[in-house]
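Reading through the structure tokens given below for one structure.
Each value in this text was obtained by applying a stated rule to the coordinates, not by laboratory testing. None of the values given here were measured: they were computed from a predicted structure. Backbone-built Cβ (ideal geometry, glycine too); neighbour counts: all protein chains shown.
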Amino acid sequence: MPEKLLQQMLDYKEIVELKARFVRTVDAKDWRGFRDVFHAEGHFDFGGNYAVQGGDAFVQAVAGQLEGATSVHRAFLPEIDFKSAIEAEGKWAVNDYIEWRPEPATHERRGFQGFGYEYELYRKIDGAWKIAGWRVHYIRIDPLPRIPLPESILGGPEVLRDREYLAAVTAR
């Protein structure tokens with residue numbers, strides 16, 4: 001196998017793992033780990049004329065948006081195009097679930113589920129890939145149903161209604 005192709009395959013793996021860290025650290029609200037994913041001077045575009053410059057500003061913006069929220073981000077079907085040995089572009093299908101605390105007065109749910117794509121620019125800096133550019137484009141954003149969820153899971157195996165089991169598998 002040609003050395004260039006082997007290196008590209010290794011770089012592809014590193015970029016996929018970089019995106020996995022993006023998703024895991026943002027949902028865990030591990031802001032230090034999340035910050036490590038980004039280039040210090042990157043450009044990050046949320047759409048609607050809202051963009052920030054720099055990894056620190058991006059992390060601060062995301063942390064503010066997710067304050068008090070439960071989030072589940074999924075990124076899949078990567079398309080990575082290498083522009084050079086130190087620069088690549090990526091497209092990812094994404095599905096985001098974000099739910100903030102219920103409305104205090106009505107206890108109604110607040111949040112959305114988004115479906116779309118994230119477009120990224122990667123740069124290899126000191127031997128490590130970083131996200132140097134990011135843009136999100138939603139095709140569809142669905143608000144969560146406003147009604148409160150039931151206290152227990154309906155249907156499925158009995159274990160899904162056992163409070164101790166649920167506490168054990170949902171604890172951080």
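General remarks:
- Alpha-carbon Rg with Dmax, taken over segment 93-147, Å: 16.5, 52
- Net charge in the neighbourhood of GLU151 (other residues with Cβ under 11 Å of its Cβ; Lys, Arg +1, Asp, Glu -1) is +2.
- Percent of Cα-Cα distances greater than 19 Å, calculated over the chain: 64 percent
- Point-charge dipole on Cβ atoms (K/R +1, D/E -1) for segment 3-170, about Cα centre, debye to 20: 80 debye
- Kyte-Doolittle at least -1.0, axis length at least 30 Å by Cα - qualifying DSSP helices, the chain: 3-28
- Fraction of beta bridges assigned by DSSP in segment 3-170 that are antiparallel (%, nearest 5): 90 percent
- Computed over segment 51-153, Kirkwood Rh from alpha-carbon pairs, angstrom: 15.9 Å
- In this structure the amide hydrogen of HIS43, modeled in the peptide plane, comes within under 5 Å of the amide hydrogens of GLY54, GLY133, TRP134, none closer than 5 places in sequence on its chain.
- Among TYR50, TYR97, sorting on how many other beta-carbon atoms sit within 10 Å of each Cβ, with the fewest leading, yields TYR50, TYR97.
- Alpha-carbon centroid distance for the pair segment 116-172 / segment 4-44, whole angstrom: 17 Å
- This ranking places VAL136, VAL169 by how few other beta-carbon atoms lie within 10 Å of each, fewest first, which gives VAL169, VAL136.
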